[in-house]
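Read through the structure below, which is laid out as structure tokens, and then see the notes.
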Amino acid sequence: MIANKNIFGYMYGQPFIKWDNHYEKDKIIEIKAEKLRGNENGYLYVWGWPGPDCNFYAFKDRGITWGYSREEIKDITYEEWKRYRNEKI
């Protein structure tokens, strides 16, 4: 299952990144469909230099870590993100 259109996702795959001993909201980027590999669980995006680095955007996390539009991604707080991650683990 490969995306037939671009997706939007957090650059590092999650809404918050640790920076200088605190957490900051990550940047949302547009990822071209041809850069994605997909399976029944989600999309893999390989990127980076000298990397490669990769992000996995799980279908179960649509609306939280990625979406088919920027507007589809919920604007959650760090506390909501921690609660969401704890429920999914």
Q) Relative to the longest principal Cα axis of the chain, at what angle does helix 78-88 sit, 0 to 90 degrees, rounded to 10? A) 60
Q: Starting from the Cα-Cα distance between Met11 and Glu80, subtract it from 0.36 nm times their residue separation and give me the gain in nm to one decimal.
A: 22.9 nm
(Q) Here is the link list: Lys27/Lys82; Lys18/Lys60; Lys35/Lys74. Which ones come out longer than 20 Å on Cα distance? (A) Lys18/Lys60; Lys35/Lys74
**Q.** Highest-MSF residue in the chain out of Asp61, Asp75, Asp53 [GNM, Cα springs under 10 Å]
**A.** Asp53
Q. So what is log10(I(q)/I(0)) for the chain at q = 0.18, 0.24 1/Å, when the Debye sum runs over its Cα atoms only?
A. -0.80, -1.30
(Q) Of all beta bridges DSSP finds with both residues in the chain, what is the antiparallel percent, to the nearest 5? (A) 95
Q. Applying 1/(1 + (r/R0)^6) with R0 = 41 Å to the Cβ-Cβ distance of Phe59 and Asp20, what FRET efficiency is obtained, to the nearest 0.05?
A. 0.80
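Bear in mind these aren't lab numbers, they're just calculated from the coordinates by the rules spelled out. Predicted, not measured: the structure shown is a model, and the values here were computed from it. No Cβ is skipped: glycine too gets one built from the backbone with ideal geometry, and neighbour counts run over all protein chains shown.
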